[in-house]
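For reference, the structure is listed below as structure tokens.
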Amino acid sequence: MRKVYIYKKFERFWHWTQAALIFFLAVTGFEVHDSFSLFGFENAVMYHRIASYLLLGLIAFSIFWHFTTGEWKQYVPTISKLKAQVHYYTVGMFKGEHHPTIKSPRKKLNPLQAMVYLGFKLVMAPIVILSGLLYMYYKTFDANDTIIISDIPLDIIAWAHTLGAFLLLSFIIVHVYMTTTGHTPTSNIKGMLTGWEMLEDEDEQNKEEISVEKDEKKRIK
């Protein structure tokens, strides 16, 4: 095993700030829905709007960072070892089987993670953002008789925004659980806090891949 610097400073800042903003948006959003009382309705609306602007700004910076650094390639989906990865998470890791993929600075995500995170960026986040903006500026669109937008019932937009919020919360809950599936239950969290993780060296990786292939052959038989 060797200690590798795998998560850059902005990557860690973006990750934790995004998580904090999503949680805060969830709290204020559910208060707006009258699920509980914490800040008060008017304050909850104001805080929710401010947090949404901050999240939009963070997303804009993260998109710029991903494309200028080439980190967007981490999210390119592949079906290679996808089946093995699903098997590992659902059955294999509970039997002590070897992980089918090896993490590295150039390959931080396994095939399943890449596919799920891409779905988060292209489906879940856009649903929440677009529906939130439409809901926030609905009166403006309606007053200006904006084509199509003004014809969408407000309750449909609110429903779509709530659906997106639940999808995001589900994603975060699963994401938090998956952080416990590293070499130790806290190794992935420590890695995202410090940027450093303990990864296998090349010889260990080769041995690991051979072990994974043997496990896969046994499972097929």
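Just a few scattered comments:
- Selection of the range 89-140 for residues being within 16 Å of Ile157 (Cβ to Cβ), crowded, with 18+ Cβ neighbours inside 10 Å and hydrophobic (A, V, I, L, M, F, W, C) yields Val128, Leu134.
- Selection within the range 151-201 - in a loop (DSSP other than H, G, I, E, B) and within 30 Å of Leu133 (Cβ to Cβ): Ile152, Pro153
- Among the residues examined, His66 does not qualify as at pLDDT below 90, within 30 Å of Met198 (Cβ to Cβ) and surrounded by 14 or more Cβ atoms within 10 Å (Cβ to Cβ).
- The range 1-24 - residue that is assigned to a helix (DSSP H, G or I) and in contact with a Gly (Cβ under 9 Å, 6 or more places away or on another chain) and, of those, surrounded by the most Cβ atoms within 10 Å (Cβ to Cβ): Glu11
- Residue ID - nearest to Met192 (Cα to Cα), chosen from residues in the range 84-113 that are in a helix (DSSP H, G or I) and of a type in the set (A, V, I, L, M): Leu112
- Some residue of the range 149-161 being at pLDDT 90 or above, over 14 Å from the mean Cα position of the chain (by Cα) and among the hydroxyl-bearing types (Ser, Thr, Tyr): no
- Among residues of the range 1-55 being of a type in the set (Ser, Thr, Tyr) and free of Cβ contacts under 8 Å to residues at least 60 places away in the same chain, the one that is farthest from Ser131 (Cα to Cα) is Ser37.
- Every pair of residues 6+ apart whose Cβ atoms lie under 7 Å, when the first sits in the range 86-107 and is farther than 18 Å from His175 by Cα while the second is aliphatic (A, V, I, L, M) and at pLDDT below 85: His98/Val212; Pro100/Val212; Ser104/Leu199
The values are calculated or read from the model by the stated rules, or taken from the named source; none is laboratory data. Everything numeric here is computed off the predicted structure, so don't read it as measured data. Methodologically, a virtual Cβ is constructed for each residue, glycine included, from the backbone with ideal geometry; neighbour enumeration extends over all protein chains shown.
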